[in-house]
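Visitor: This is the structure I have questions about; it appears just below.
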Amino acid sequence: MSSIKLRILFIFTAVLSPAFLSAQQDSGFSLLGDEPAESSKVENTFKTTRVINLQSLELTDAGVMDVKINHRFGAVGLGSYEAFGLDNASVRIGAEYGIVPNLAVNIGRSSLGRMVDAGLKYRLMHQTSDNARPLSLLIYGGAARTALTMMGSEFVYTAQLIAGRKETDRFSWQIAPSLLSGGTGQVIAMGVGFREKITPRTTFNAEYIPVFSRPEGRGNTGFYNSFSVGLDVETGGHVFQLHFTNSAGMAEPQFIAQTNGSWMSRGFRFGFNISRVFTVVNPDKFR
Amino acid sequence: MKYFFCIIVVLGLLQHSEAQVYSTSSGTIKFFSKTTAENIDATNNQVKAALDAKTGNIEFAVSVNSFLFKKALMQKHFQENYMETIKFPKSTFIGSITDNTAVNYGKDGTYPVSVKGKLTMHGVNREVTIPGKVSISSKKALLSADFNVLLEEYKIKVPANNASQIAKSIKVSVDCSLQKK
């Protein structure tokens, strides 16, 4: 009897002790002990503050200036005589600045419609690694005005909620319910966008902004939903965004409400955004 | 009775090993990257460290996301592109002072030591020997060390584009003031 007992004990020890040893090796610490995993804010959800045209879940950091130079060429459907759109270009030159953590201001001037736009973007919630805050949540409020008096020079206001999540190291998504008001009436739209990392410094991005409601009338016909696909390429302090889009304009009222190109009839165009960040104020000031 | 004896021995051992432990959770580790194009440095003030005076065993744990830079974008790139903190949130060192008897924990003074152990960073485990100092003053033990880390040895890749801005060998400086428990 006792020999069987011993044998069982022996087998138990033989089976369990390596497991015990390896468990000890995993934790490693004998002095510090094992602590629960620390929680941190989830960063790098997108490479820059725009998915393509749409405001993304990223926000310019406090004390940082992000200068944006955006180009959209003419529609590819213009054909070889116009170098498939490369002969025409529309430009937006803008800048964003992080005033304090979680709040940034932006301003821009577009050649299309001679439009000036400005806005404030505020982060309500920042996704955390322990999922105590599963989403990032931001609001954007902007105003834009065109200098072309024939088209009416009233302000158009944008109110946008941006919600989404970095699901994995590679994949992030967001939705952006949007309301434009002013000019000829109200426009309700829902932006959706995502990014998928291809390499550590390159991502594939896509966004679609279906409009659910727009005012009636002659001035509001012939518009399509904005759809854009492209690549973000990050090189140090620059992010290059290269894309195809059916939107010629880069200010919210233009690409959300007044996209006049159709993907079906080669109304899409090549475009790029260049983003360059400058640290203006040492981040220690905000810590 | 036999079991009782075993338990006593085990408990005794446990107590023994916790007798003279110094520790902190607010130590400092800095690193410097020096190139002709750019100098980069970052500081982490939330380093956890412990030292057992009896055995000379030493442990460090660092949350890599807690390294603060002078530029926010650099910090993001450090986390995302270089250290990949989503996969490898912590760096650790587990080792011991090779010549622990040379340190007189009862007497104030500065003692040069050599620490040998495993440095784990970016998911890579390496056996290292680091020269440093233990400074004893009253109930505190100040651990300081300067050493270099080769990025290549820890599989931290720098793209050709940034090779002129980031040094191949990073200087690390440790400065942790440990309190006796």
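The values are calculated or read from the model by the stated rules, or taken from the named source; none is laboratory data. Source: prediction; values computed, not measured. All Cβ positions, even for glycine, are placed from backbone atoms using ideal geometry, and neighbour counts span all protein chains on display. We work out accessible area using only protein heavy atoms, side chains counted, and drop any ligands, DNA or RNA first. Shrake-Rupley method; radii C 1.70, N 1.55, O 1.52, S 1.80 Å.
Visitor: Provide a list, ordered by number, of residues in the range A:48-62 showing at least 10 Å² less accessible area with every protein chain present than when their chain is taken on its own, using a 1.4 Å probe.
Guide: At a threshold of 10 Å² (probe 1.4 Å), the residues of the range A:48-62 that become less exposed are A:Glu58, A:Asp61.
Visitor: Leaving out ligands and nucleic acids, note down the accessible area per residue over the range A:64-286 with a 1.4 angstrom probe, in whole Å².
Guide: Dividing the accessible area of the range A:64-286 by its residue count gives 47 Å².
Visitor: Related question: Just the number, please: carbon plus sulfur as a percent of the accessible area of chain A, 1.4 Å probe, no ligands or DNA/RNA counted.
Guide: Reported share for carbon and sulfur atoms: 65 percent.
Visitor: Could you please put B:Lys34, B:Lys76 in sequence from largest to smallest accessible area, using a 1.4 Å probe?
Guide: Greatest to least solvent exposure: B:Lys34, B:Lys76.
Visitor: Quick one: which of A:207-220, B:92-105 comes out on top by average Cβ neighbours within 10 Å, and what's the full order, highest first?
Guide: Put in order of decreasing packing, that is B:92-105, A:207-220.
Visitor: Right, another one. With every protein chain kept in place and ligands, DNA and RNA left out, what is the accessible area per residue of chain B? Probe 1.4 Å, answer in Å².
Guide: Here the residues of chain B average 56 Å² of exposed surface.
Visitor: Given A:Lys41/B:Lys90; B:Lys140/B:Lys171; A:Lys166/B:Lys118; B:Lys48/B:Lys90; B:Lys30/B:Lys118; B:Lys90/B:Lys140, which pairs have Cα atoms separated by over 22 Å?
Guide: Long pairs (Cα-Cα over 22 Å): B:Lys140/B:Lys171; A:Lys166/B:Lys118; B:Lys90/B:Lys140.
Visitor: How far, in degrees from 0 to 90, does helix B:2-17 lean away from the longest principal axis of the Cα atoms of chain B, to the nearest 10?
Guide: The angle comes out at about 50 degrees.
Visitor: Which FRET efficiency value, to the nearest 0.05, do you get for B:Lys76 and A:Ser80 by plugging their Cβ-Cβ distance into 1/(1 + (r/R0)^6) with R0 = 35 Å?
Guide: Efficiency for this residue pair is about 0.25.
Visitor: Could you work out how far helix A:2-27 tilts from the main Cα principal axis of chain A, as a 0 to 90 degree angle to the nearest 10?
Guide: Helix A:2-27 and the main axis of chain A meet at about 30 degrees.
Visitor: Here is a further query. Given a Förster distance of 51 Å, report the FRET efficiency between B:Lys54 and A:Arg133 from their Cβ-Cβ distance, rounded to the nearest 0.05.
Guide: 0.75
Visitor: Another question, then. So, counting K/R as plus one and D/E as minus one, what does the shell of residues with Cβ under 10 Å around B:Thr120 add up to?
Guide: +3
Visitor: Would you give the gap between the C-alpha center of the range B:153-172 and the C-alpha center of the range A:166-192, rounded to a whole Å?
Guide: Centre-to-centre distance over Cα atoms comes out at 39 Å.
Visitor: How large a share of the accessible area of the range B:21-180, in percent, is made up of carbon and sulfur atoms when the probe is 1.4 Å and the other protein chains stay in place?
Guide: Answer for the range B:21-180 is 51 percent, counting heavy atoms of protein chains only.
Visitor: Determine the shielding of peptide B:73-83 by partner chains: average, over its residues, the number of Cβ atoms on other chains within 10 angstrom of each Cβ.
Guide: Mean number of neighbouring Cβ atoms from other chains: 4.
Visitor: Interface size between chain B and chain A, please: total buried accessible area, 1.4 Å probe, rounded to the nearest 100 Å².
Guide: Interface between B and A: roughly 2600 Å².
Visitor: Follow-up question, since we're still on this one. Determine the residues within the range A:271-287 where the difference in accessible area between the chain on its own and the full set of protein chains amounts to at least 50 Å²; count protein heavy atoms only and use a 1.4 Å probe.
Guide: Flagged in the range A:271-287: A:Arg287.
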